[in-house]
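Remarks on the structure that follows.
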Amino acid sequence: MLGIPHNEGVPTSAPTLSRRHAAGSASARGLLFTVLGEFVLPAGETAWTSSFIDILGRLGVEEKATRQALMRTAADGWLHSERIGRRTLWQLTPAAEQLLIDGTERIYGFTGTVGDWDGRWLIVLARAPETERPTRHVLRTRLAWAGLGSPAPGMWVSPHADRLPDAQRALDEAAVADAQVFVGTHTGYGSLPAMAQQAWDLGVIEQRYQTFLAEFGGPGRRDALSATVELVHAWRRFPWVDPALPGELLPKRWPGAAAARLFARLHARWSAAARDEWAALNQ
């Protein structure tokens, strides 16, 4: 979904973002993207270097690492800079604006589970020879990026039949010639929850939700600005790692919905003060 180096502020082809950074890696660059989406995009799409140094410094990122993250992000086509006196102003490129708009919709629209399910499955049968490792890698990462899981070698599934275009795009990007794609229903034989456990590592995802609940469900945090960045940064990984399965496929007492409610409640509590503080910081 979401770098192709270039020398201009706006790339000639759409830059890309690794899944690790899209999902909110703990690096300086990952935190930078959280700040860009949460504050820079809605507040005019520009920010001073000093503002990034301040907010990332509150989160334990050294000034040098922040400057390097800004330069790398600009080199990859997401930012361009302008010198104004002794200061540097950073502005989102059009590609970055669209990236962050799409990411915001996915992050804030994610609820940890789905409601009514029509029972349809998206099924992809695709294999690449062991000798074609780049193709295998692209196929695996692109299908996983689209939320598909693999219960058996060469088989990928999702209860979201509407992700068919994403699956087709993944096959095209991987240039897999030998593939079959189906949309259908389960008619018997075998346990669907058991298949879901095989297709996705639900135990790991469940533990991440429990960690999120433990981290943010306790006493109040520091200033609203850094608290909001920490909250959004921790939450933004879930739309990429959780396939959002229907309740009937999930283990009992699945914590995803509770984590989503906590995220929404805390974001509503902190975001207004955080944006005011960012505006004051970014003058």
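Each reported figure results from applying straightforward, stated rules to the coordinates on display, with no laboratory input. Only a predicted model underlies this, so the values are computations on that prediction, with no experimental measurement involved. Using ideal geometry, Cβ is built from the backbone for each residue, glycine included, and neighbour counts are taken over all protein chains shown.
Once the piece of chain linking Lys252 and Thr185 is laid out straight, how much longer is it, given 0.36 nm per residue of separation minus the C-alpha distance between them?
Details: separation 67, 0.36 × 67 = 24.12 nm, distance 2.30 nm.
Length gained, Lys252 through Thr185: 21.8 nm.
If I take the Cα coordinates of the chain and project them onto the principal axes, what are the three extents in Å, biggest first?
Answer, in whole Å and largest first: 68, 46, 27 Å.
So, in Å, what gap is there between the alpha-carbon centers of the range 37-86 and the range 175-214?
38 Å
Give me P(r) over the range 120-185, computed from all C-alpha to C-alpha distances, binned every 10 Å, as integer percentages.
24, 61, 14, 1
What net charge do the residues around Val114 carry, taking every other residue with its C-beta under 13 Å from that of Val114, with Lys and Arg at +1 and Asp and Glu at -1?
Values: positive: Arg120, Arg163; negative: Asp116, Asp118, Asp162, Asp242, Glu248.
So the surrounding residues net to -3.
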